[in-house]
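Report on one structure; see the data block that follows.
The values are calculated or read from the model by the stated rules, or taken from the named source; none is laboratory data. This is a predicted model, so every value here is computed, not measured. Backbone-built Cβ (ideal geometry, glycine too); neighbour counts: all protein chains shown. Quick note on the areas: whole protein, heavy atoms, side chains included, nothing else; ligands and nucleic acids left out. Shrake-Rupley method; radii C 1.70, N 1.55, O 1.52, S 1.80 Å.
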Protein chains: 2
Amino acid sequence: MSMIERGGEEAENVLDALFPKVGRAYRIGITGLTGAGKSSLINRLSRIRRDKGERVGVIAVDPTSPFSGGALLGDRIRMGEVSGDEGVFIRSIASRGSDSGLSSCADELADVLDAFGSDVIFLETVGIGQQEYRIGFSVHTTVVVLVPEAGDDIQSLKSGLMEIGDVFVVNKADRENASRYADDLRAMLKLRHSSNGWCPLVVSTSAVKGEGVEELDRALLDHRSFLDREGGIAEKKRSFIRNRISMIVEERLRENFWGNAYIERKMDELIDESMNGKRSPYEAAKILLAAFMDGKIGE
Amino acid sequence: MSMIERGGEEAENVLDALFPKVGRAYRIGITGLTGAGKSSLINRLSRIRRDKGERVGVIAVDPTSPFSGGALLGDRIRMGEVSGDEGVFIRSIASRGSDSGLSSCADELADVLDAFGSDVIFLETVGIGQQEYRIGFSVHTTVVVLVPEAGDDIQSLKSGLMEIGDVFVVNKADRENASRYADDLRAMLKLRHSSNGWCPLVVSTSAVKGEGVEELDRALLDHRSFLDREGGIAEKKRSFIRNRISMIVEERLRENFWGNAYIERKMDELIDESMNGKRSPYEAAKILLAAFMDGKIGE
């Protein structure tokens, strides 16, 4: 797994070889703010799935996740309730400098868990910024975990989160305004334009007490059945593959571009010219791109 | 400003034309988790700077920021204390689907505020994931805002945050373990390898009460003086330009690639082949890249 995280040709050859075995696992993305209780929910859900005899994989891409053990370097650690269970494999990855690095690495680790026989894989991500938009491309079901704070109303929800959730969890449901929050959320989701006919479910839970988690598991299975019925599984697979190819292509394209000696030299010249006000970064970018596209590369 | 956010050629022509006027403003990045009090701090700092007669720009790229007004669509809104003051311009941008989109858009909006005479620009970002790694490339001073929770110790800090901060704020300093947390942070920062000789400052604040904010402002000025003395301003400008050119190039490169009819057609074929297990996404990516690099484009 560490080898996959390091990336490079070796990792790629392995992933390439594993590819025919990838595709059996059902992938569930769990996204939401730090402290929303994502890890506790995954912990509970894992136990339910283990009781059914499923093999469970967990990949946490939230560097602040308890799965990361609060350590400066994310690595494989134990998770309270399900630790020591050979049927659960947990991997926590620290975030990386580049976005595609992070994202594709998580997906690739999921491929490994998939190829080695996981039945279900939970991907935990922090739902802030852009990540949540991308998670929909690499999982079958997206769970958005929300915690109503006192005074919060549903209007304050980010539109991005509304659009990606297949299942919404209102966690810490014992808080004061939680049930009104869940009702408002249901009302708002009814207005949402659903592209595939699925009406998102809202489940109230208390992850710490374990309340509502069985219902959440049923909601996950409902969404899976829906996808099965409507041809959504093949559609998802198509979008996974498209996403994966795009990621690889874009990473390579960047490597080809910036790894080129001519571009590197030219870049330094152009930065100097921009520093002197002789060129804008826009002009500089145009010149570099023209050189690249005209095949000056290698000169 | 909306036109810049929309992007495209029109936006670019404007930014290109503004470029010679860009570079006067001092840019300060304020990063930290949601709820850490970044907006309150910016509010307080803005008032201090206004009292000194400076023109202040604020760009919030945190979609959950109070500057976003809790609305589903981020847009310009009022900020309690400094609203109605003509010397303060606030812009909140919602996060976008693509990372470069988000980041470059914030930087470009900062360029506009810069060209139109802002003396100081605060960029508020959420410090989770990758963003914090990038913020260092587009601001002069990076402020990391931390809030010690009961039981938190400094070991749980993400290494990424430790590396980017020029100034650290321990906000909500009236909390129980805040002063020990600040002391531990200072001790840890002393061990940090500093590439340019700057030793990061730690300031304790209570943004809501306004305590410690004058001291924070002095810390910001100290870092600025340090950069001035050590040639760091020109170095920063160089890195801004490098970063900007890279962003533009990578965006264009992606557009050129995916906007090509041959690639689009070939992509669909290759996805079909991957669905059938005839090719892996890695092979597919290689084929697309080879076609692009060999100039099949336009066929």
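Computed from label points 7 Å out along Cα-Cβ, the spacing between B:D268 and A:D222 is 3.6 nm.
Which value, in square angstrom to the nearest 100, describes the accessible area buried between chains B and A on both sides, using a 1.4 angstrom probe? Numbers along the way, then the final one.
Working: alone 15910 and 15970 Å², together 25730 Å².
Separately minus together, B and A give about 6100 Å² buried.
Excluding same-chain neighbours fewer than eight residues apart, the lysines reachable from B:K21 by a Cα-Cα span under 18 Å are A:K278, B:K236, B:K237. Viscosity 1.002 mPa s, temperature 20 °C: what is the translational diffusion coefficient of the range A:164-287 from Stokes-Einstein with a Kirkwood Rh over Cα pairs, rounded to a whole number of µm²/s? In µm²/s, the coefficient is 111.
Starting from the label point of B:L191 at 7 Å along Cα→Cβ, the same points in the other copies fall at 5.2 nm, in ascending order. On the principal axes of its alpha carbon atoms, the range A:1-57 extends 37, 29, 16 Å, with the longest extent given first.
Split the accessible area of the range A:230-298 by element, probe 1.4 Å, and carbon with sulfur accounts for 46%. Enumerate the lysines that A:K209 could reach by cross-link, defined here as Cα to Cα under 16 Å, with residues fewer than 8 away along the same chain left out. Straight-line reach from A:K209, under 16 Å: A:K38, A:K172. For the pair A:V208 and A:R180, label points projected 7 Å from Cα toward Cβ lie 2.3 nm apart.
Label-point distances for A:A291 to the equivalent site in the other copies, using a point 7 angstrom along Cα→C-beta, read 2.8 nm when ranked shortest first. Other protein chain C-beta atoms within 10 Å of residue C-beta, averaged over B:226-234: 0. For A:K52, the label point sits 7 Å beyond Cα toward Cβ; its separations from the matching points on the remaining copies run 6.0 nm, from shortest to longest. Extension gain, A:I233 to A:D16, is 75.9 nm, computed as 0.36 nm per intervening residue step minus the present C-alpha separation. Here the range B:203-266 is described by how far its Cα atoms reach on the three principal axes: 61, 34, 10 Å, from widest to narrowest.
Of the peptides B:169-177, A:197-205, the ranking by mean beta-carbon count within 10 Å, highest at the top, reads B:169-177, A:197-205. With a 10 Å cut-off around each Cβ of A:269-281, the average count of Cβ atoms from other chains is 5.
Cross-link partners for B:K190 among the lysines, with Cα-Cα distance under 18 Å and sequence neighbours closer than 8 places in the same chain left out: B:K158.
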